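To start, the structure itself, in structure tokens.
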There are 4 protein chains.
Amino acid sequence: MGFHSGRHFLQIPGPTNVPDRVLRAINSPTIDHRGPEFVELGLDILAGIKTIFKTSNPVIIFPASGTGAWESALVNVLQAGDKVLMCETGHFSTLWTRLAERLGIDVEVIAGDWRRGADPDKIQERLMADAGGAIKAVCVVHNETSTGSLSRIKDIRGAIDRSDHPALYMVDTISSLASVDYRHDEWGVDITVSGSQKGLMLPPGLSFVAVSDRAIQVSETGGMPRSYWRWDEMIEQNAKGVFPYTPATNLLYGLKESIAMLHEEGLDNVFARHARHGEATRRAVTAWGLDNLCVSPDEFSPVLTTVMVPDGSDADALRKLILDKFDMSLGTGLGKVAGKVFRIGHLGHFNDLMLAGTLSGVEMGLRLFGMDNAKGGVDVALEYLAGQAAA
Amino acid sequence: MGFHSGRHFLQIPGPTNVPDRVLRAINSPTIDHRGPEFVELGLDILAGIKTIFKTSNPVIIFPASGTGAWESALVNVLQAGDKVLMCETGHFSTLWTRLAERLGIDVEVIAGDWRRGADPDKIQERLMADAGGAIKAVCVVHNETSTGSLSRIKDIRGAIDRSDHPALYMVDTISSLASVDYRHDEWGVDITVSGSQKGLMLPPGLSFVAVSDRAIQVSETGGMPRSYWRWDEMIEQNAKGVFPYTPATNLLYGLKESIAMLHEEGLDNVFARHARHGEATRRAVTAWGLDNLCVSPDEFSPVLTTVMVPDGSDADALRKLILDKFDMSLGTGLGKVAGKVFRIGHLGHFNDLMLAGTLSGVEMGLRLFGMDNAKGGVDVALEYLAGQAAA
Amino acid sequence: MGFHSGRHFLQIPGPTNVPDRVLRAINSPTIDHRGPEFVELGLDILAGIKTIFKTSNPVIIFPASGTGAWESALVNVLQAGDKVLMCETGHFSTLWTRLAERLGIDVEVIAGDWRRGADPDKIQERLMADAGGAIKAVCVVHNETSTGSLSRIKDIRGAIDRSDHPALYMVDTISSLASVDYRHDEWGVDITVSGSQKGLMLPPGLSFVAVSDRAIQVSETGGMPRSYWRWDEMIEQNAKGVFPYTPATNLLYGLKESIAMLHEEGLDNVFARHARHGEATRRAVTAWGLDNLCVSPDEFSPVLTTVMVPDGSDADALRKLILDKFDMSLGTGLGKVAGKVFRIGHLGHFNDLMLAGTLSGVEMGLRLFGMDNAKGGVDVALEYLAGQAAA
Amino acid sequence: MGFHSGRHFLQIPGPTNVPDRVLRAINSPTIDHRGPEFVELGLDILAGIKTIFKTSNPVIIFPASGTGAWESALVNVLQAGDKVLMCETGHFSTLWTRLAERLGIDVEVIAGDWRRGADPDKIQERLMADAGGAIKAVCVVHNETSTGSLSRIKDIRGAIDRSDHPALYMVDTISSLASVDYRHDEWGVDITVSGSQKGLMLPPGLSFVAVSDRAIQVSETGGMPRSYWRWDEMIEQNAKGVFPYTPATNLLYGLKESIAMLHEEGLDNVFARHARHGEATRRAVTAWGLDNLCVSPDEFSPVLTTVMVPDGSDADALRKLILDKFDMSLGTGLGKVAGKVFRIGHLGHFNDLMLAGTLSGVEMGLRLFGMDNAKGGVDVALEYLAGQAAA
């Protein structure tokens, strides 16, 4: 790599810019994960993380990436051959589908066009048709990181309720947790999956599973052969502040700090900030004459914006140019939109001026890329942000 | 916790004292795990870690604790109902057994008394009796962290060879790698499992699986339903310096640094240092009038020493006293030796004076615990260490 | 302080944003400043810092702020009652004047209007009038941090030469070194003063004095009673890699890293980057309809831009608003321009997108402050920066 | 340097082992030293440092090493030609003498043999002989870092009082502050000088001057020409939480943390710990058959112990051997005891096991150095420490 002065702009939709407070916390000596000092830490973070998921039930923390939490969600309550309903919202819902299939689960996919969230009506319709209760779980990605579409988790709960179907409700909040309002208990989610490297502002390496009483009950007698991803021992030992196998201690130091930071800012302020940055970004995109991949206004993501490049343009060439010229990493197009879109992450440890820098990098990149009309985006974003700041 | 001045002595047999160089490396901003800067890092550590396992084959790195590597070793090459031979060497071999059983594997255990390594003769005998080749794998823990006994991996390879049996050979080096000589290729091991928080001097959160060509072949057509722990995608994407799902980037920064440190010291020097510290510790234990749980001199661990307390004494009360009075963490007795032993870790980022401090803490603790004859241990250790330093 | 998400924008003209590489280096254990490991470090940085001053003579490093280097420059070569010529360029030249006066030096000031650099012609004129050689030194601030005007150091050397006057030539490069080209030897400067917290990208706490052979000679027999600020012992002990009294060891770790970073980027690239950011900022200022305090185009500072607010406006109220709303620190007006100007630092560890964020913060702040016409500044800056990036 | 595994033992009597908590604090982004966040920090540390000096008067903090504080103490209240009384206790009192002489002060030295503290009787005798009050100040080093002798500051105050002499009382606590009880106000000291890198557990780079009302009064009309080391502007601006010139911001972060740590432990506990470690060390020295340079039991330093090597031995060769073999830095003999002594620092962030490691390194080093009878020192130290821990 050539030398780059100044701070890199890490504007992929995760991993996000880790606050130096969090990095410093991680930079503490590792301690005995069975000693009394760890117990204090363990009880502290295990209580704290519940406030982020808005649950009074256990949240299980695995030393793993978010992918591991997907697996844990499935293997504890499902068996090979069980049917689940997956809602195709983009690349990550597709990956979750593939993961389930690899575990022998019979996945039925409600197809989607990658330009909106999961459709509550279609879910309701499908569940109502499943009189025999063959469908064991409904799986939804809250914020589809590959497209920037948000699914309406509360509305989907309503759809399940209206269909009077016993399926477990599983939600992936890997890229929404701590950036978008989420209520595990109130919204009646059975299993919520998340990861450390997005709204929690940590490096990757921790994954989370929040569970409802019903999910726990099902896991007690059901599930597949499993060991690493088991909930029972975790829940049992977590009650004493420890873990059944060695936890990722230093990342837990960071988690303690990030939970503290989120509450210092106030979760509602965190969510409002993300919403504001999403809106500012979309206004810039519009000004540039480009399209947001997401076409459903009430499902626009406050976490990232996926921008479509004109036909014939190579979004990855644009990304490379921006990385080379302006030292900013943007998200690549994944799966079927590869090369056709780039993604701007505006989540995590972020503020108005970092967003202004980010949008400036995109705007200059578009100009260098030959899109001469891509102007005024930063301007409209600043106007909007200034207006918000005045309010 | 009360305030403790000075550095804590973390003398459990892992996690070990993380060098400040490694902590500083981890304390770097997280980067895009799909960008060119990461590719450089990825190729670098994936090549470097091979030199630690002494293999020219792939070493797969999971964002997980060592327990995950155990699971990965099994699910890629075995199926439910397959028989494996586990050698009981202590608590960790027992945990691996339980993990295998949870996955549906039929585990046959060669019982052990927890006071020595796995017995090559018994393994050979059992394999020779298995004319039908029902046993699919032999699983051995190189350094049994709960007892301080080393298994003779090379000799066991010889035993397998002599029995002319096709079983795969799986070895857990979680607490031996980078502390005790280990040769994945030369010793004909098929699957070597390890973790980050011992000899590699990293915080917990990374686990490793080194694989032979034969293990890869078996995995291609065999194995259980699996996703997170798959090797195929890892090997494929690792070739390009990236990972199929988000890696624990910051811990990988630390890994790069720890590999560099191991080579700066020289692996042979690292092993000699651990051997020296094991010998010094055992001399101290003898001087104190206490017994090493391990009774087999050619299987004494250079990594930790497990000390038996006299009948009627509570080893955990002693540990607590030492923690309270001298701010040193020692390892607890696990499983069937709980309360009867304590473990002194002398591995990782360690030196003669840290060992002297460690042994001093134990000696003073024994004295305060009422073992008035527990004297002279530090003295003999210093005499030995001085002699070695003179050489 | 309320909670602020994201990175603070520290856009005062120093201290500057310290690179995380430098912070990590500083975060290393302190070592024995008389041991062999320190000697390696000492020789390394003492050689390295010469390349930054572009001198083959000694550069003396004090554990002190830049103010200390001012004092060291004076007390080693001047005596109470000696006359020196100071060129008033702004607040810092005035502070240096006051410091000299406090030491009993007879300071004659060539008055200035704070809107340009020191005038070579006036200096020449004054020196030519000093036939008796009463003036012992000419003191110039290279980059006047309070105004954003650069003095033409090479031209002033020419002026001194043309006047054939023996005065020593002293230059303050506290806020220019490593941001603007500077050549201690080639430009015939006798004493160059600098500090750590600007272009060197370090926290404050180190100050520097580069000396010519002639300055050393004068100091050997001249100077005031002095101890801390002496050169002789420093030069003598530095030759062996050590210091006569305890150095600020951890900041020296940072200095080693910052010197390395400057050479990785290439000094000429560093200077070009600062020049580019100065130009972009000035274009924004013009677009906002505001005036640069500096009116002399060939003396515009690439390090900071001092912006005049309209009569009746309180620049500090604007600064406070920007700090509160956008978490950006701008420089206050100092001395006689207090309240009338604010200063935008664009130096040190910086890049195009950080500048874009900075200018965005100013533009939004101006808008919120009621300057409704303050638009388009970011736009013209982006246009310029994009053009430069294309080149 | 060759590679050394494990932590270096930095057992010079300062700089001391910096706690990782302090290093992490220092590793925070530099902030605007004129902004509101700094003001909070400034007021906090300026109040906190008073509790360490036990004064309700100002304590001035310079970005400088301790040597600078010596200079500040003198130049604010004395004039060239003024007479001061210095008590020769070792190398550092001699350096302070030389510094004063360089500033034109007429220093009268009460000679000492470097084996004890300053003698209150001799001071009283000299002051009583000075009927005309020619002596303007009495200067004493509280803990003479070159010898390990403590001067009885309270008793010397008594001596001055009994002589009814108006001399100012100046004390250097560079290596005693925060390790040995010290009471600026109660003991009637006028000027107390200190530094950051000893008991305050910080890297070098900060120095401190605590002042009495009388010292302030004298400085207001007296003192030498001075600028950097002035008190008046410091006191004035410190009242508002800021500094007249750029402070060493990042070291101030560390200071905040170290003050917090000292109060978490409790100052009396800190002092008792140092006393215990001094006693344990002296017992070891006696067991080795070696002599403490300090011969006055009520003046033994709890901070360091200076050990005399037998005639004909080269203490620096021993130190080099210990550094090479055991990676421990010990203090060299300074001034007239160069080569004849080595110094064991047992101060700062330290505990029983670190001391045990330290003494073990010395004991092994002595053995390797050919002092075959140097045995049993660690043993008696452990016996003592265990006894203390039991109490």
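The values are calculated or read from the model by the stated rules, or taken from the named source; none is laboratory data. All figures in this text were calculated on a predicted structure; none of them were measured in a lab. Positions of Cβ are generated from backbone atoms using ideal geometry, with glycine treated the same way; all protein chains shown enter the neighbour counts. Only protein heavy atoms, including side chains, enter the accessible area calculation; ligands, DNA and RNA are left aside. Shrake-Rupley method; radii C 1.70, N 1.55, O 1.52, S 1.80 Å.
Odds and ends about this structure:
- The residues on offer are B:Gly223, B:Gly188, and the sole one that is without any contact (Cβ under 8 Å) to a residue 40 or more places away in the chain and surrounded by fewer than 24 Cβ atoms within 10 Å (Cβ to Cβ) is B:Gly188.
- Complete set of residues in the stretch D:119-165 that are farther than 28 Å from D:Ala315 by Cβ, open to solvent by 10 Å² or more (accessible area, probe 1.4 Å) and of a type in the set (A, V, I, L, M, F, W, C): D:Met128, D:Ala129, D:Ala131, D:Ala134
- Residue check for C:Arg24: of a type in the set (Lys, Arg) and out of contact with any strand residue (DSSP E or B) (no Cβ under 7 Å at 6 or more places or on another chain): yes
For (1) away from chain A (no Cβ under 14 Å); (2) crowded, with 21+ Cβ neighbours inside 10 Å, each residue gets a yes or a no:
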site: B:His184; (1), (2): yes, yes
site: B:Gly195; (1), (2): no, yes
site: B:Ser207; (1), (2): no, yes
site: B:Asp232; (1), (2): no, no
site: B:Pro244; (1), (2): no, no
site: B:Pro247; (1), (2): no, yes
site: B:Phe271; (1), (2): yes, no
site: B:His274; (1), (2): yes, yes
site: B:Ala284; (1), (2): yes, yes
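- Residue within the stretch B:125-138 that is out of contact with any Phe, Trp or Tyr (no Cβ under 9 Å at 6 or more places or on another chain) and either within 30 Å of B:Gly339 (Cβ to Cβ) or touching a residue at least 60 places away in the same chain (Cβ under 8 Å) (or both) present: no
- Checklist (1) assigned to a helix (DSSP H, G or I); (2) at the interface with another protein chain (Cβ under 7 Å from one of its Cβ atoms); (3) not acidic (Asp, Glu) applied to A:Arg21, failing item: (2)
- Subset of the stretch D:251-269 (residues that are under 24 Å from D:Thr30 (Cβ atoms) and within 8 Å of chain B (Cβ to nearest Cβ)): D:Met261
- Condition met for A:Arg343 (touching a residue at least 60 places away in the same chain (Cβ under 8 Å), in contact with a Leu (Cβ under 6 Å, 6 or more places away or on another chain), more than 8 Å from chain C (Cβ to nearest Cβ) and open to solvent by 10 Å² or more (accessible area, probe 1.4 Å)): yes
- Filter result (among the hydroxyl-bearing types (Ser, Thr, Tyr) and either within 16 Å of the chain's Cα centre (by Cα) or in a loop (DSSP other than H, G, I, E, B) (or both)) within the stretch D:49-80: D:Thr55, D:Ser56, D:Ser65, D:Thr67
- Index of the failed condition, C:Leu10 passing every other in (1) at the interface with another protein chain (Cβ under 8 Å from one of its Cβ atoms); (2) out of contact with any helix residue (DSSP H, G or I) (no Cβ under 9 Å at 6 or more places or on another chain); (3) open to solvent by 10 Å² or more (accessible area, probe 1.4 Å): (3)
- Residue among D:Leu385, D:Leu318 that alone is more than 9 Å from chain B (Cβ to nearest Cβ) and either in a loop (DSSP other than H, G, I, E, B) or buried (at least 19 other Cβ atoms within 10 Å of the Cβ) (or both): D:Leu318
- Set B:Gly14, B:Gly35: member being touching a residue at least 60 places away in the same chain (Cβ under 8 Å) and either over 17 Å from the mean Cα position of the chain (by Cα) or within 26 Å of A:Ile61 (Cβ to Cβ) (or both): B:Gly14
- Of all residues making up the stretch A:85-104, the number that are closer than 22 Å to A:Thr221 by Cβ and either in contact with a Ser or Thr (Cβ under 9 Å, 6 or more places away or on another chain) or of a type in the set (Asp, Glu) (or both): 2
- Hits in the stretch B:102-115 (condition: part of a loop (DSSP other than H, G, I, E, B) and surrounded by fewer than 19 Cβ atoms within 10 Å (Cβ to Cβ)): B:Gly104, B:Ala111, B:Asp113
- Residue among B:Leu85, B:Leu99 that is farther than 30 Å from B:Tyr253 by Cβ, assigned by TED's automatic domain parsing to the domain that holds B:Thr249 and either hydrophobic (A, V, I, L, M, F, W, C) or assigned to a helix (DSSP H, G or I) (or both): B:Leu85
- Within the option set D:Gly289, D:Gly312, being away from every other protein chain (no Cβ under 14 Å), free of Cβ contacts under 8 Å to residues at least 24 places away in the same chain and outside any helix (DSSP H, G or I) holds for one residue only, D:Gly312.
- Looking at D:Val75, D:Val109, just one residue is more than 19 Å from D:Ser176 (Cα to Cα) and within 13 Å of chain C (Cβ to nearest Cβ), and that residue is D:Val75.
- Sole exception among (1) in contact with a helix residue (DSSP H, G or I) (Cβ under 9 Å, 6 or more places away or on another chain); (2) more than 30 Å from D:Leu255 (Cα to Cα) for D:Gly370, by number: (1)
- With respect to (1) open to solvent by 20 Å² or more (accessible area, probe 1.4 Å); (2) more than 7 Å from every other protein chain (Cβ to nearest Cβ), the lone exception for C:Pro36 is condition (2).
- Considering D:Arg183, D:Arg157, D:Arg152, D:Arg162, the condition of being of a type in the set (Lys, Arg) and in contact with a strand residue (DSSP E or B) (Cβ under 8 Å, 6 or more places away or on another chain) is satisfied by D:Arg157 alone.
- Extreme residue, nearest to A:Asn27 (Cα to Cα), among residues of the stretch C:39-72 that are more than 7 Å from chain D (Cβ to nearest Cβ) and of a type in the set (Ser, Thr, Tyr): C:Thr51
- For the stretch B:91-100, residues that are at the interface with chain A (Cβ under 9 Å from one of its Cβ atoms), open to solvent by 30 Å² or more (accessible area, probe 1.4 Å) and either over 15 Å from A:Tyr245 (Cα atoms) or in contact with an Asp or Glu (Cβ under 9 Å, 6 or more places away or on another chain) (or both) total 0.
- Options A:Leu43, A:Leu23: the member that is among the aliphatic types (A, V, I, L, M), surrounded by fewer than 17 Cβ atoms within 10 Å (Cβ to Cβ) and touching a residue at least 12 places away in the same chain (Cβ under 8 Å): A:Leu43
- Number of positions in the stretch A:362-380 that are closer than 17 Å to A:Phe342 by Cβ and touching a residue at least 60 places away in the same chain (Cβ under 8 Å): 7
- Hey, B:Gly348 more than 11 Å from chain D (Cβ to nearest Cβ) and in a loop (DSSP other than H, G, I, E, B) or not: no
- Which numbered condition A:Ser360 fails, given (1) surrounded by fewer than 22 Cβ atoms within 10 Å (Cβ to Cβ); (2) within 13 Å of chain C (Cβ to nearest Cβ); (3) hydroxyl-bearing (Ser, Thr, Tyr): (1)
- Which numbered condition A:Phe38 fails, given (1) outside any loop (DSSP other than H, G, I, E, B); (2) closer than 29 Å to C:His346 by Cα: (2)
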